Amino acid sequence: MTLNIRVIAPDRTVWDANAEEVILPSSTGQLGILQGHIPLLTALDIGVMRVRINKEWQPIILLGGFAEIKNNTITILVNGAEETSEINTETVQNNLEKAIIELAEANTNKEKIEATQNVRKARARVQAINVLNS
């Protein structure tokens, strides 16, 4: 028996597959899901969802949302998602450095909020690359 996982963004279905295990970036920390998990509804933070298929981990970057776990089915509604096939290691590192500089230079509350979100997204991309390289 496996977990059925569906990740749905506003513009597309990002992921629809079966897996052995999932680790979600919950708003309260990392949340591991195995078969037979109790029903649960949780908020998701910007971060990396890790999915284990055939004993290999695959990362997907989630940009916040909600997850419902029920009857070995995980439905994830997200604001946005990025697959790791779209990620370039050098670009991701450069974007993180730029985002940190922009945060340090932000003056208004709006600029600080936007810069903070950009840093969090950039860090999630770096984390996804680390999962791929491990």
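Annotations
- Estimated vicinal HN-Hα couplings, Hz - the range 97-102 in sequence order (Karplus 6.51, -1.76, 1.60; Gly, Pro = x): 4, 5, 5, 5, 5, 4
- Counting only DSSP H runs of at least 4 residues, each contributing -39500 (n - 2.57), and dividing by the residue count of the chain, the helix-based mean residue ellipticity at 222 nm comes to -11000 deg cm²/dmol.
- The value obtained for the chain, namely the Cα convex hull volume divided by the number of residues, is 109 Å³ per residue.
- Taking a straight line from the alpha carbon of Lys110, these lysines sit under 21 Å away, with near neighbours fewer than eight places off in the same chain left out: Lys98, Lys121.
- Among Ala122, Ala43, Ala17, residue whose mean-square fluctuation peaks in a GNM of the chain (springs only between Cα atoms under 10 Å): Ala17
- Global geometry of the range 35-99, whether rounded, prolate or oblate, following the gyration tensor of its Cα atoms and the 1.5 cut on a/c: oblate
- Amide H contacts under 5 Å for Ile5: Ala17, Asn18, Ala19, Ile74, restricted to partners 5 or more places along the chain or on a different chain, H placed in the peptide plane at 1.01 Å from N.
- Cross-link partners of Lys55 among aspartates and glutamates (Cα-Cα below 20 Å; sequence separation of 8 or more within a chain): Asp16, Glu20, Glu21, Glu83
Computed from the coordinates by the stated procedures, all read-outs in this text should not be read as laboratory data. Keep in mind that what you see is a predicted model, and the values were worked out from it rather than measured.
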